[in-house]
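Readers should treat all values here as calculations from the given coordinates under stated rules, not as data from a laboratory. This is a predicted model, so every value here is computed, not measured. Because the Cβ atoms are built from the backbone with ideal geometry, glycine has one as well, and the counts that use them run over all protein chains shown.
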Amino acid sequence: MTKKDKKPDPTNMDRDEGSSVVVEERQHLKELRERSSKKDSCIQFYCKECRGLTAVTKHPKKYVFKCNFCEAKQVAFGTEASIHKFFHLKDDEPMLTEEDYKKRMIMEEEEMKRRDARRKERAARTAK
Ligand SMILES: [Zn+2]
C-alpha cells in the first residue's frame, strides 16, 4: 500500500537526496546507450539463465533488462571486455541465436526426463 509513496517523485529528483541513485542510473543508462551505438566500445548483455550473450529488452519504466529468449531478468551487462572477463567467455564468443536457445531447451528437457527416469528407477528399487 505504502509502496507508491516511497517511489521517487521525478519532479523533485534533484532536491531529494534519497533518489540520487535513480539519477545516477539514468545517467548511466544514457551513457550506455551512447556507448553502445559506437562499435568500438560496445555494451554486451549476458543472460545468466541462458548462459550466453543475448539480446535484451529494457523494461519501459524500470532499470531492468529482460532476456529476449528466456524472458528472465538475470541479465548482466557491461563492456565487451568486462563481460568476457567476468564470465570467462571466448574471445569470439558468438551471440546466442534463437536456434541455440531452442536447442538448449530441448537438451534441458531431455536431461529432466533422464533425471525423472532415474528417480523412478530408484523408487521402484527401494519399494521392493
Ligand atoms: Zn535468457
Practice problem: Can you tell me the order of 106-117, 59-70 when each peptide is scored by its average per-residue count of other Cβ atoms within 10 angstrom, highest first? | Solution: 59-70, 106-117
Practice problem: Search the structure for amide H atoms under 5 Å from the amide H of G78, placed 1.01 Å from N in the peptide plane, and list their residues when 5 or more places away or on another chain. | Solution: Q44
Exercise. Rounded to whole Hz and in sequence order, give me ³J(HN,Hα) for the stretch 91-103 from the Karplus expression 6.51 cos²θ - 1.76 cosθ + 1.60, θ = phi - 60°, writing x for Gly and Pro.
Key: 4, 10, 3, x, 5, 5, 10, 4, 4, 4, 5, 5, 4
Quiz item: How much length is gained if the chain between E99 and E121 is pulled fully straight, taking 0.36 nm per residue apart and subtracting their Cα-Cα distance, in nm to one decimal?
Solution: 4.6 nm
Quiz item: Which length gain, in nm to one decimal place, applies between E80 and E49 when the Cα-Cα distance is subtracted from 0.36 nm times their residue separation?
Solution: 9.3 nm
Quiz item: Long-range amide H contacts for T54: which residues qualify at under 5 Å (H placed 1.01 Å from N, peptide plane, sequence gap of 5 or more or a different chain)?
Solution: F45, Y46, C47, L96
Self-check item: In order through the stretch 52-58: 3J(HN,Hα) via Karplus (6.51 cos²θ - 1.76 cosθ + 1.60), integer Hz, x for Gly, Pro
Solution: x, 6, 9, 9, 10, 10, 7
